[in-house]
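The values are calculated or read from the model by the stated rules, or taken from the named source; none is laboratory data. From a predicted model like this one, the values you see are computed outputs, not experimental measurements. Methodologically, a virtual Cβ is constructed for each residue, glycine included, from the backbone with ideal geometry; neighbour enumeration extends over all protein chains shown.
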Amino acid sequence: MSIQLKVPSVGESVTEVTLSKWLVADGDYVEIDQSICEFESDKATLEFPAEKAGRISFKVEEGSDLKIGDVIAELDTDAKAPAKKAVEKEVVSATKETAKTGSKEGSEEQKTNIEKRSSTNDTYAKNHPSPAAQKLAAENHVPLAKINGSGKDGRITKADVLQAVKDGVSASGAVEMMKRNSREEKAEKVSKLRKTIARRLVSVKNETAMLTTFNEADMSAIMELRTKYKVAFEKKHGVGLGFMSFFVRAVSNALEEFPAVNAYWNEDQVIYHDYVDISIAVSTPRGLVVPVLRNAESMSMAGIELGIKELAAKGREGTLGLEEMEGGTFTITNGGVFGSLMSTPIINAPQSAILGMHKIQERPVAMNGQVVIRPMMYLALSYDHRIIDGKESVSFLVRVKEQLENPQQLLFGKDPVDILLDM
Amino acid sequence: MNKYDVVVIGSGPGGYIAAIRCAQLGMKTAIIEKYDTLGGTCLNVGCIPSKALLDSSEHYHNAAHSFEKHGIGVSGLSVDFSAMIARKAGVVKQTTDGINFLMKKNKIDVYHGHGSFESRNTIAIAKTDGKTDKIEADKVIIATGSKPASLPFITIDKKRIITSTEALSLDKLPKSMIVLGGGVIGCELGSVYARLGTEVTIVEYMDNLIPTMDADLGKDLQRSLKKMGMKMQLSTKVTAVKATTKQVTLTAENKKGESIEMKADYCLVSVGRKPYTDKLGLDNVGIELNERGQIPVNEKLETKVAGIYAIGDVIQGAMLAHKAEEEGVFVAETMAGQHPHVNYLLIPGVVYTWPEVASVGYTEAQLKEKGTAYKTGKFPFMASGRARASMDTDGFVKVLADAGTDEILGVHMIGPRAADMIAEAVVAMEYRASAEDIGRMSHAHPTYTEAFKDACLAASENRALNI
């Protein structure tokens, strides 16, 4: 029997996808649930699994724009699996090679099999280092993933690591050869994701009354607290105590005090939320993604750190689901990790405000008539002036600053002594 | 007070190797040994002397039992037991002298005496003449090893109720011997005496010999040892061992719950070994032992006190000389800022009986527990031309490979020279070879190693060529 593989519905409001990449070759035998291609929508990239096992024949080309329900391939479910289930993943180059060499002796299938077995591309042993190679790589901070193993089945030999060290391969990336006087240009198709980002950013700029207010926070109290509790916290909770939990906590408390900052503009209504879902901007190899930490207002510090760690890991692996990126009532973005000292972030519509964190830098500041050196961070809050008044936005940012500088306030959102004295 | 970058306490295979590696890496190194000779248990009262006696007894056994079939007539064959023990002592002396030479060559200072921590950086050495030396150490490696363990109701008198140490230096060949514990040491020393004509009975609590290894190995070893004349009492719980000046009486409860009694000239207690940390002064540096008497260490083999490391039998893991050696090198290189690695899965286990037993990687029981789908390939030495030529046809090689990827996950062998052959399996597994990989490598003919190749072919696609 032959079945048609169609573009699945990938989420509400997504009507069009691009088939960005085939993950198998035309004519391959695919297993059930094996990923056969990658779809890119304006929200995310996702892999598409085969619903049945069988021989695949492509109906569209890589890079095609498709509607939901379009047929991308046919699957012949009567086709026999190759005699010996391929140990390795299907390898495009290997199968092509076989087709070329033809088959004078033995059946095509057998030949394919042999080709696959001897292919050096992706067996379980790929990039497995020899003991000496492993030691050398660890000592020179060469990530094994960046080495192309020359040994059998892609194993990494000592010579491979020696060469990598010589070539200056490091965790931060292969050293790029300097190109001089090159005047080449390169055209690259804009991805669906990029197009959507572009459209949204421009519409926010055009359709909201966005402006940015600044403040700065003395980070010494939080840094002290982290140094003191870092080890014990990690031991107890299995996750490091980062800066994000402090910011999420401070923001959640402040948002409850200033609900407009946590609201949506919707035509002739303002929608207030009695929960805080914080979108957190995470940089991934595929671009910026903004997964959502739900009910942040009810989370413990460890809960926040664990939640962020999980979302960030999923972001890096590209396994974030659409539902994990939808919603969100407020966004935090941290340009500081790239070294930004100050910025005016753009609101993540339909939200009405976004907080920008920046680099912590020691600066001379005046305190009680003295110039002292303190670890300082500039804070930026971009907001939609249609919903939020200047007083509210500025007060919101001041509340965040106060909590960061006095971490004891993070517990209840204000000074615990005030709570005690009911003031 | 002499000052050192590193002081190693204990000169067994873990300690002396660690000291040499430290010296090679440019550290000023001292080693402390409480006995007169270097080398620890392994060289003095363990691996080396037991192999010396195993070889002597094997020659005798072959002369008495196999030569005739080879067409060699022997008359007047006899055992000069004290000559055997003397040769063994000679081998030990040669080997321990070798360590002295290595220490000199690497400019390592040797202190004889009982080393103990006076403080984090000061090590006291109590010498046999009653005097105490003190040396200062920047870093310390504890490599004090282990001692034979016993059972709570047994008093080891070292005359009739003995440990492996005494069993290596008996003055007379015993007529009968009870070996309490069918682990590696019991099977090896039991073999020595059984081959020389002693009536040997192994009493074991579990239902199999060498119970920590793959179950098939113990069963096959049992068959071979019984063929040689050894007796077995498995699933037997010993309740008492009593000694008179002339003999020992052991009472036990057998599988059916009946009480049994055995008498013999000697009872060798080989129920395992325990970490040795007596009078080491661990209290003075705040190191506490775990419930098994071991020194707890982190993944860098460093104790809770920074700069104090521990290796070998005194920490967790298999009590094997080669495990201690790997750890010795690991710690020395770690101290020097390098990033070495010890692959504990691939430390082979070996029993020097005949046939020899050797294994590496996961056992079938472990794979089942992990839920890993695996394939099995087994090749009996009976089908090996080389084994038939030498009349060593007992045993087999068993290869366990991943059902999906064909990667070799465990190799278990019993047969001629298995102890040497296991090295190939270690190399294969360290490089994550598939069973088919080995099946596609040329193995010289006729050799015992062909059995490994054929077992791999059997595991890979059930296509062994010689059976």
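Regarding residue A:254, is this residue crowded, with 19+ Cβ neighbours inside 10 Å, assigned by TED's automatic domain parsing to the domain that holds residue A:366, among the aliphatic types (A, V, I, L, M) and assigned to a strand (DSSP E or B)?
Values: crowded, with 19+ Cβ neighbours inside 10 Å: yes; assigned by TED's automatic domain parsing to the domain that holds residue A:366: yes; among the aliphatic types (A, V, I, L, M): yes; assigned to a strand (DSSP E or B): no.
The answer is no for residue A:254.
One residue alone among B:120, B:87 is in the same structural domain as residue B:55 (by TED's automatic domain parsing) and either out of contact with any strand residue (DSSP E or B) (no Cβ under 8 Å at 6 or more places or on another chain) or β-branched (Val, Ile, Thr) (or both), and that residue is B:87.
Just one of the numbered conditions (1) more than 14 Å from chain A (Cβ to nearest Cβ); (2) on the phi < 0 side of the Ramachandran plot is not true of residue B:272: (2). Residues in region B:122-143 that are over 18 Å from residue B:283 (Cβ atoms), among the charged types (D, E, K, R) and in a strand (DSSP E or B): B:133, B:136, B:138, B:139. Among all residues of region A:258-273, there is none that is touching a Gly at 6+ places or on another chain (Cβ under 9 Å) and modelled with pLDDT under 95. Within region B:424-437, track down each residue that is surrounded by fewer than 23 Cβ atoms within 10 Å (Cβ to Cβ) and away from chain A (no Cβ under 14 Å). Within region B:424-437, just B:424 meets the criteria. With a requirement of 1 or more residues that are hydrophobic (A, V, I, L, M, F, W, C), within 23 Å of the chain's Cα centre (by Cα) and not assigned by TED's automatic domain parsing to the domain that holds residue B:222, the helices (runs of 4 or more DSSP H) lying completely within region B:361-467 that satisfy it span B:364-370, B:418-430, B:450-461. Inside region B:349-391, residues that are among the acidic types (Asp, Glu), surrounded by fewer than 20 Cβ atoms within 10 Å (Cβ to Cβ) and over 24 Å from residue B:436 (Cβ atoms) make up a count of 1.
Check whether at least one residue in region B:353-366 is more than 30 Å from residue A:156 (Cα to Cα), touching a Cys at 6+ places or on another chain (Cβ under 7 Å) and more than 14 Å from chain A (Cβ to nearest Cβ), and report yes or no. For region B:353-366, residues more than 30 Å from residue A:156 (Cα to Cα), touching a Cys at 6+ places or on another chain (Cβ under 7 Å) and more than 14 Å from chain A (Cβ to nearest Cβ): present.
Meeting the requirement of 1 or more residues that are in contact (Cβ under 8 Å) with a residue 24 or more places away in the chain and within 20 Å of residue B:314 (Cα to Cα), the helices (runs of 4 or more DSSP H) wholly within region B:31-121 are B:40-45, B:47-65.
Being at pLDDT below 95, out of contact with any helix residue (DSSP H, G or I) (no Cβ under 6 Å at 6 or more places or on another chain) and among the hydroxyl-bearing types (Ser, Thr, Tyr) holds for only one residue in B:245, B:249, and it is B:245. Here region A:199-214 is the region considered, the condition is being farther than 25 Å from residue A:378 by Cβ and exposed (fewer than 15 other Cβ atoms within 10 Å of the Cβ), and the residue that is modelled with the lowest pLDDT is A:199. Listed conditions (1) surrounded by fewer than 20 Cβ atoms within 10 Å (Cβ to Cβ); (2) closer than 19 Å to residue B:357 by Cβ; (3) touching a residue at least 24 places away in the same chain (Cβ under 8 Å) are all met by residue B:219, apart from (3). The C-beta contact set for region A:12-32 (first residue on the phi > 0 side of the Ramachandran plot, second residue part of a loop (DSSP other than H, G, I, E, B) and acidic (Asp, Glu), distance under 9 angstrom, 6+ apart or interchain) comprises A:13/A:42. The set of residues in region A:251-310 being among the hydroxyl-bearing types (Ser, Thr, Tyr) and farther than 30 Å from residue A:40 by Cβ consists of A:252, A:272, A:275, A:298, A:300.
Quick one: how many residues across region A:342-383 are loosely packed, with under 14 Cβ neighbours inside 10 Å, aliphatic (A, V, I, L, M) and outside any strand (DSSP E or B)? Summing the residues that are loosely packed, with under 14 Cβ neighbours inside 10 Å, aliphatic (A, V, I, L, M) and outside any strand (DSSP E or B) in region A:342-383 gives 0. Out of B:155, B:201, one residue alone is outside any strand (DSSP E or B) and not charged (D, E, K, R). It is B:155. Does residue B:333 satisfy the condition of being within 14 Å of chain A (Cβ to nearest Cβ) and either at positive phi or without any contact (Cβ under 8 Å) to a residue 24 or more places away in the chain (or both)? No. Among the residues of region A:124-158, the ones that are more than 10 Å from chain B (Cβ to nearest Cβ), touching a residue at least 24 places away in the same chain (Cβ under 8 Å), in a helix (DSSP H, G or I) and closer than 29 Å to residue B:403 by Cβ come to 2 in all.
Applying the criterion of being surrounded by fewer than 18 Cβ atoms within 10 Å (Cβ to Cβ) and out of contact with any Phe, Trp or Tyr (no Cβ under 9 Å at 6 or more places or on another chain) to the residues of region A:44-59, the residue that is farthest from residue A:74 (Cα to Cα) is A:49. Screening region A:1-69 for strands (runs of 3 or more DSSP E) wholly inside it with 2 or more residues that are within 27 Å of residue A:291 (Cα to Cα) and not assigned by TED's automatic domain parsing to the domain that holds residue A:81 returns no ranges.
Answer yes or no: is there a residue in region B:439-449 that is surrounded by fewer than 20 Cβ atoms within 10 Å (Cβ to Cβ), in contact (Cβ under 8 Å) with a residue 12 or more places away in the chain and within 14 Å of chain A (Cβ to nearest Cβ). Yes, region B:439-449 contains a residue that is surrounded by fewer than 20 Cβ atoms within 10 Å (Cβ to Cβ), in contact (Cβ under 8 Å) with a residue 12 or more places away in the chain and within 14 Å of chain A (Cβ to nearest Cβ).
Take the residues of region B:347-360 that are outside any strand (DSSP E or B) and in contact with a strand residue (DSSP E or B) (Cβ under 6 Å, 6 or more places away or on another chain): which is nearest to residue A:130 (Cα to Cα)? First the steps, then the outcome.
Of the residues in region B:347-360, the ones outside any strand (DSSP E or B) are B:347-348, B:352-355.
If we keep only those that are in contact with a strand residue (DSSP E or B) (Cβ under 6 Å, 6 or more places away or on another chain) as well, we get B:348, B:355.
Working: B:348: 18, B:355: 32 Å.
Filtering first and then ranking leaves B:348.
Taken together, the residues in region B:286-310 that are crowded, with 20+ Cβ neighbours inside 10 Å and either at pLDDT below 95 or not polar (S, T, N, Q) (or both) amount to 7.
Pull up region B:336-346, narrow it to residues that are of a type outside the set (Val, Ile, Thr) and not in a helix (DSSP H, G or I), then point me to the one that is farthest from the other protein chains (Cβ to nearest Cβ).
B:336
The residue of region B:403-417 that is surrounded by the most Cβ atoms within 10 Å (Cβ to Cβ), among those that are of a type outside the set (Val, Ile, Thr) and within 12 Å of chain A (Cβ to nearest Cβ), is B:409.
Scanning region B:162-181 for residues that are farther than 24 Å from residue B:43 by Cβ, under 18 Å from the mean Cα position of the chain (by Cα) and not in a strand (DSSP E or B) yields a total of 0.
Taking the conditions (1) within 25 Å of residue B:452 (Cα to Cα); (2) outside any loop (DSSP other than H, G, I, E, B) in turn, residue B:325 satisfies each one other than (1).
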